[in-house]
Amino acid sequence: MTDNEHGRPMVEAVGIHKSFGHVEVLRGIDLIVQPGEVACVIGPSGSGKSTFLRCINHLESIDSGTMTVDGELIGYRRRGDKLYELRESEVARQRRDIGMVFQRFNLFPHKTAIENIMEAPCTVRRTNKKQARESARGLLDRVGLGNRCDNYPSQLSGGQQQRVAIARALAMEPRLMLFDEPTSALDPELVGEVLDVMRGLARDGMTMVVVTHEMGFAREVADSLVFMDEGRIVEAGVPREVLANPKHERTQAFLSKVL
Amino acid sequence: MAAPTDDTTAGGAGPIPGTAPTPIKAVPVRHPGRWIAIVVLAVLGAMLVNTILTNDGFRWDVVGKYLFSGPVLNGLRNTLVLTVLSMLIGIFGGIALAVMRLSPNPVLSYVAGLYIWLFRGTPLIAQLLFWNFLAALYPRLSLGIPFGPEFVSFDTNQLINQFTACLLGLGLNEAAYMAEIVRGGLQSVDHGQTEAAGALGMSRGQTLRRIVLPQAMRVIVPPTGNETISMLKTTSLVVVIGYFELMTSVQRIYSVNFQTIPLLIVAAIWYLALTSVLSIGQGFVERRYGRGVHQGPTGARLLPKRWTAGAK
């Protein structure tokens, strides 16, 4: 992993606001994630945690505030005291370094597991096919699916699909990985295999922002835990402490239901 | 219909050695209706064969004489050339129009909408005649700067002969219909696919070419098969601007020798032959784009498995 010696944060969100029509989904989010840190975001549904995650790689644009990843402003360029919207191609370039894993996997159904992983390196980075195939094979091995190269997504279980999706994101060698409820669409017995892969990533020093309902994972793997409700960060801190004795009553109410 | 022996249900629950289950012995449900239907159809079929063979009005000798005659084959060639070329214009034009229609650029979207409205909203015959008589409107066509100098100039009648007028009329009209078919296909692809491609850093163009369009093809191909088969017969409209194809050739022959029925049978045989070839081709294309998806019933189902297995 690329260490940055300036000590600048990997993700720096300041005063993020976001509305869909008249509904204000994010009401001023401040969050800093350091390189190598695993940050878990929890909270009731509709609290804006997925929207916030999607703002980090500009899948959603923000209405006010600033989003910075590895020192680079996301979605805009500042010149003097003016902000300029980035072109689509420039946003695409920023996204190369930010991997994302979706709740519903979103694998490309017309491509095999290995083709799913090779797609972005081949079309975006123009890596040659042979080399891309080799590293894709390595990534599939890493997520424990070395024998599933030529299976189409429809021939894989949910857990296997999600592991391919993680490998696909890793193929672009991202500096940051975003996980949007990666285990919420899985059968209970398949959750473990996906969490194992994520645990491995964390151990290797990957910076991760994980929106999740897996409190066990948060407690065990995360370096920091953020509790969101109604578009605000209600409480944040070391996972063990937040989970064991939450300070805020809304956190207490939420945790009493899920733990 | 086949019994429900799905692989997924049969895979895990194999018989355990030693405890083989005893199969159910029961009298199967009788289907008298099927037997009645078979008898009725057999009688009707026999009547049909009988009349085809014994009614001299069919004049099978005349059919045989003209089936491979020069004028008929000439017309057939024109039908094929017009169908293939105007469908190519239609498909590629349709893809371009659909992408424009769905573009975030409001100008492109509006222009595509206008084109579709105009070309779907006016009769094809009128469009064919329009292209043919373009010279009456613009005797010369030129490239240049408006109100400024001209770089090149053409005589319209030389640039647009009957054949080009046919292609323009059929192709540009088809593009409008194909545009809506392609748009439906593109919109049928889950938005998550675009997001996943975007999150990987793929551009809009790459996402369209590599991710969305190949998946949309599954939805686009069947109606496109329809359009192609329909085009095969629509080409006969070119008679209004004095061009000829299969139907026109046949009509010219029977207007002279008055063998109307046999010559219509000649035309029908060729149209059916071409349609059969196209249906088989459609089956192959559907298999190609059905990769990774549960294979539902397609035209290819009508073929023996060994024919289509290679197309996977």
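The values are calculated or read from the model by the stated rules, or taken from the named source; none is laboratory data. Predicted model only: the values in this text are computed from it and were never measured. Cβ atoms come from the backbone with ideal geometry, glycine included; neighbour counts cover every protein chain shown. Heads up: the accessible areas ignore ligands, DNA and RNA and are worked out on the full protein's heavy atoms, side chains in. Shrake-Rupley method; radii C 1.70, N 1.55, O 1.52, S 1.80 Å.
Starting from the Cα of B:L118, step 7 Å along the direction of its Cβ; do the same at A:R104; then give the gap between the two resulting points in nm.
For the pair B:L118/A:R104, the computed spacing is 3.9 nm.
Between A:Q155 and A:S256, 0.36 nm times their residue separation minus their Cα-Cα distance comes to what?
On the way: separation 101, 0.36 × 101 = 36.36 nm, distance 3.85 nm.
Here the answer is 32.5 nm.
Just tell me which aspartates and glutamates come within less than 20 Å, Cα to Cα, of A:K257; anything on the same chain fewer than 8 places away is out.
Qualifying aspartates and glutamates at Cα under 20 Å: A:E181, A:E214, A:E220, A:D229, A:E230, A:E235, A:E241, A:E249.
What FRET efficiency, computed as 1/(1 + (r/R0)^6) with R0 = 45 Å and r the Cβ-Cβ distance, is obtained for A:Y84 and B:Q158, rounded to the nearest 0.05? Intermediate values should be presented prior to the final figure.
Numbers: r = 51 Å, r/R0 = 1.14.
It comes out at approximately 0.30.
Using a 10 Å cut-off around each Cβ of peptide A:167-178, what is the average number of partner chain Cβ atoms that fall inside? Please list the in-between numbers first.
Values: counts 0, 3, 3, 0, 1, 3, 0, 3, 0, 0, 0, 1.
Averaged over the peptide's residues, the number is 1.
Taking 7 Å along the Cα-to-C-beta vector as the label spot, tell me the A:D196-A:E72 distance in nanometres, rounded to one decimal.
Between A:D196 and A:E72, the simple spin-label model gives 3.5 nm.
Could you compute how much accessible area chains A and B hide from each other, both sides summed, with a 1.4 Å probe? Nearest 100 Å² is fine. If you can, show how the numbers build up before the last one.
Values: alone 12860 and 20080 Å², together 30910 Å².
It comes to approximately 2000 Å² buried between A and B.
For the protein assembly as shown, what is the percent of antiparallel DSSP beta bridges, rounded to the nearest 5?
Taking every DSSP beta bridge with both residues in the protein assembly as shown, the antiparallel ones total about 65 percent.
Please compute, for peptide A:86-92, the average count of beta-carbon atoms on other protein chains lying within 10 Å of each residue's beta-carbon. Before the final figure, lay out the partial values.
Numbers: counts 0, 0, 5, 4, 0, 3, 10.
What the average comes to for A:86-92 is 3.
Between A:A185 and A:D30, what is 0.36 nm times their sequence separation minus the Cα-Cα distance? Round to one decimal in nm.
Details: separation 155, 0.36 × 155 = 55.80 nm, distance 2.84 nm.
So the extension gain works out to 53.0 nm.
Please list B:246-259, B:64-77 highest first by mean number of surrounding beta-carbon atoms within 10 Å per residue.
Working: B:246-259: 17.4, B:64-77: 15.6.
With the highest mean Cβ count within 10 Å placed first, the list reads B:246-259, B:64-77.
Report the accessible area of B:D56, computed with a 1.4 Å probe over the heavy atoms of all protein chains in place, in Å² rounded to the nearest 10.
120
Top to bottom by accessible area (1.4 Å), largest first, where do A:H58, A:H213 land?
A:H213, A:H58
Shape of chain A from its Cα gyration tensor (a ≥ b ≥ c, root eigenvalues): rounded if a/c is under 1.5, otherwise prolate when a/b > b/c, or oblate? Spell out each step's value before the answer.
On the way: a/c = 1.77, a/b = 1.20, b/c = 1.47.
Here chain A falls in the oblate category.
Specify which residue in the list B:L172, B:I265, B:L128 is farthest towards the positive end of the charge dipole of chain B, using unit charges on the beta carbon of Lys, Arg (+1) and Asp, Glu (-1), about the Cα centre.
My answer, from the dipole projection, is B:I265.
Each label point is 7 Å from the Cα along the Cα-to-Cβ direction; what then is the distance between the points at A:E134 and B:H31, in nm?
So the label points at A:E134 and B:H31 sit 5.8 nm apart.
With an 8 Å Cα cut-off and a minimum separation of 6 or more residues, compute the relative contact order for region A:145-259 in percent. All intermediate terms of the calculation are to be shown ahead of the outcome.
Working: 100 pairs, mean separation 21.0, N = 115.
About 18 percent, as a whole number.
For peptide A:102-111, compute the average count of partner chain beta-carbon atoms within 10 Å of each residue's beta-carbon.
Details: counts 4, 1, 3, 2, 9, 4, 9, 10, 12, 6.
Mean number of neighbouring Cβ atoms from other chains: 6.
Run the numbers on chain A and let me know its relative contact order in percent, using alpha-carbon pairs under 8 Å that are six or more apart. Present the calculation step by step, with values, prior to reporting the outcome.
Values: 474 pairs, mean separation 67.3, N = 259.
Normalised by residue count, the contact order of chain A is 26 percent.
Cross-link partners among aspartates and glutamates for A:K111, C-alpha distance below 16 Å, same-chain residues fewer than 8 apart left out?
Excluding near neighbours in sequence, the set is A:E119, A:D150, B:D190, B:E286.
For B:L67 and B:F151, calculate 0.36 nm times their separation in residues minus their Cα-Cα distance, and state this gained length in nm to one decimal. Provide the component values of the computation, followed by the final result.
Values: separation 84, 0.36 × 84 = 30.24 nm, distance 5.01 nm.
Answer, rounded to one decimal: 25.2 nm.
Taking N as the number of residues in the protein assembly as shown, what is its Cα Rg relative to 2.2 N^0.38 Å?
Values: Rg = 32.2 Å, N = 571, 2.2 N^0.38 = 24.5 Å.
The protein assembly as shown yields a ratio of 1.31.
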